[in-house]
Each structure stands twice: as C-alpha cells, then as structure tokens.
Amino acid sequence: MATDVALDEEELVLIGDIGPGTTDAATISLSRGSSGQMRVEIDGDRCLLEGKAVWAFPLTLKNYVSILDTKNKEFCLIEDPEALDEESRQILYASLESYYRVYRIRTIRAYRNDWRTSFWIVETDHGLREFVMRWELDSVLQPSEHEVLIIDIDGNRFHIPDFRELDESSKRVFDLIL
C-alpha cells in the first residue's frame with residue numbers, strides 16, 4: 001500500500017542532479033593519446049586523458065554511449081554518436097569494438113588453477129591468447145546448457161558456443177570447473 005510522504009525542498013532530487021546528463025555531440029572531440037588511449041575533450045569545459053566507451057544500455061538502446069574514466073566513473077553521456085565528427089566517431093566505434101570484442105575459444109591449450117586464480121592459454125578465432133581469471137564461480141557463465149562465457153580479470157570475454165564441440169582435452173577442463 002502506497003502512502004503519500006511530504007518531502008522538504010532540501011530532500012528533493014531533480015533528475016538532472018542524478019548524473020551528468022547527455023552532452024551535446026557537437027561539443028565533444030575524441031583523439032588518441034601517445035599510447036593509443038582514447039582522449040575526450042568537451043569544448044570549453046573539461047578534458048579526459050584516458051577513457052573508454054561503453055554502451056549505456058547494451059541490451060536495449062544502441063544510441064547512448066557512456067564515456068568512462070579509468071575508475072569506471074562516467075565522464076559524459078553521448079545520446080547520438082552519429083552526430084560526432086568523422087574522426088571522433090571512428091575513435092568511438094573502435095573503442096566500443098575493443099571493449100565488446102568476444103573471442104571464440106576453439107581449443108584450450110593449457111589450464112592451471114592456483115588458489116582461486118586460474119591461468120589459461122587458448123586458441124581463439126583471433127589467435128593464441130593467454131589470460132588470467134579469478135574465482136570461476138563469478139567469471140564462468142552459462143547462458144544456455146552447453147554454452148560458456150568466460151570473463152578474465154581485464155574484462156575480456158571468451159565464448160564457447162557449445163563446449164561439447166571442443167576436443168576431449170579441452171572438455172576435461174570444464175569437467176573441473178562446471
């Protein structure tokens with residue numbers, strides 16, 4: 001049962017106070033730093049020396065992009081990436097591609113578990129990859145009965161559409177962790 005509550009003016013939170021809101025794409029300029037990191041400048045306001053782009057609503061709306069700093073705090077929100085200038089748009093989409101890249105595992109070459117930390121060497125659709133993962137219960141997901149998604153300590157995603165199709169040696173690893 002809902003009840004009406006009277007709030008003092010000091011207790012009211014305006015929607016605009018919750019976060020930074022969207023930033024006009026015409027005021028945003030993206031570039032690459034000397035180490036290849038994405039830099040973001042909002043004209044006449046502020047500059048972010050190292051950032052990454054993520055979809056604000058990755059499952060539902062592919063038109064809002066959140067720019068995060070190195071501590072994953074939102075720096076700005078872009079409502080329409082297509083409104084950015086060409087160079088900025090290319091940098092933004094490259095950052096999104098890098099963040100959401102999913103490597104498809106073809107075979108597991110080596111696996112070692114050392115006190116809740118596991119070390120992997122796998123053959124993927126992008127070549128040989130080595131990664132480290134902590135605590136399998138949080139990092140190995142099964143979206144469906146035979147499908148596996150692995151997330152390493154850096155947030156990289158490794159996908160196995162059907163672990164039954166792996167070679168016998170690779171299947172044995174999943175006998176240990178699933």
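Considering each residue of the range 25-46, count those that are in a loop (DSSP other than H, G, I, E, B), touching a residue at least 12 places away in the same chain (Cβ under 8 Å) and under 19 Å from the mean Cα position of the chain (by Cα), and give that number.
1
Just wondering, is there one or more residues in the range 163-170 that are under 30 Å from Leu48 (Cα atoms), outside any helix (DSSP H, G or I) and touching a strand residue (DSSP E or B) at 6+ places or on another chain (Cβ under 7 Å)?
In the first step, residues of the range 163-170 are kept if they are under 30 Å from Leu48 (Cα atoms); the result is none.
No: the range 163-170 contains no residue that is under 30 Å from Leu48 (Cα atoms), outside any helix (DSSP H, G or I) and touching a strand residue (DSSP E or B) at 6+ places or on another chain (Cβ under 7 Å).
Go through the range 144-154 and report how many residues are surrounded by 11 or more Cβ atoms within 10 Å (Cβ to Cβ), outside any strand (DSSP E or B) and not β-branched (Val, Ile, Thr).
Within the range 144-154, residues that are surrounded by 11 or more Cβ atoms within 10 Å (Cβ to Cβ), outside any strand (DSSP E or B) and not β-branched (Val, Ile, Thr) number 3.
Here's the yes/no breakdown for (1) touching a helix residue (DSSP H, G or I) at 6+ places or on another chain (Cβ under 8 Å); (2) among the acidic types (Asp, Glu); (3) under 14 Å from Leu176 (Cα atoms); (4) outside the structural domain of Val40 (by TED's automatic domain parsing):
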site: Ile91; (1), (2), (3), (4): no, no, no, no
site: Ser95; (1), (2), (3), (4): no, no, no, no
site: Arg106; (1), (2), (3), (4): no, no, no, yes
site: Phe119; (1), (2), (3), (4): no, no, yes, yes
site: Val122; (1), (2), (3), (4): no, no, no, yes
site: Leu128; (1), (2), (3), (4): no, no, no, yes
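Could you please give the count of residues in the range 100-141 that are of a type in the set (Gly, Ala, Ser) and closer than 17 Å to Glu168 by Cα?
Looking only at the range 100-141, we keep the residues that are of a type in the set (Gly, Ala, Ser), and these are 110, 118, 127, 139.
Subsequent filtering for residues that are closer than 17 Å to Glu168 by Cα retains 110.
The qualifying residues number 1.
The values are calculated or read from the model by the stated rules, or taken from the named source; none is laboratory data. All figures in this text were calculated on a predicted structure; none of them were measured in a lab. Methodologically, a virtual Cβ is constructed for each residue, glycine included, from the backbone with ideal geometry; neighbour enumeration extends over all protein chains shown.
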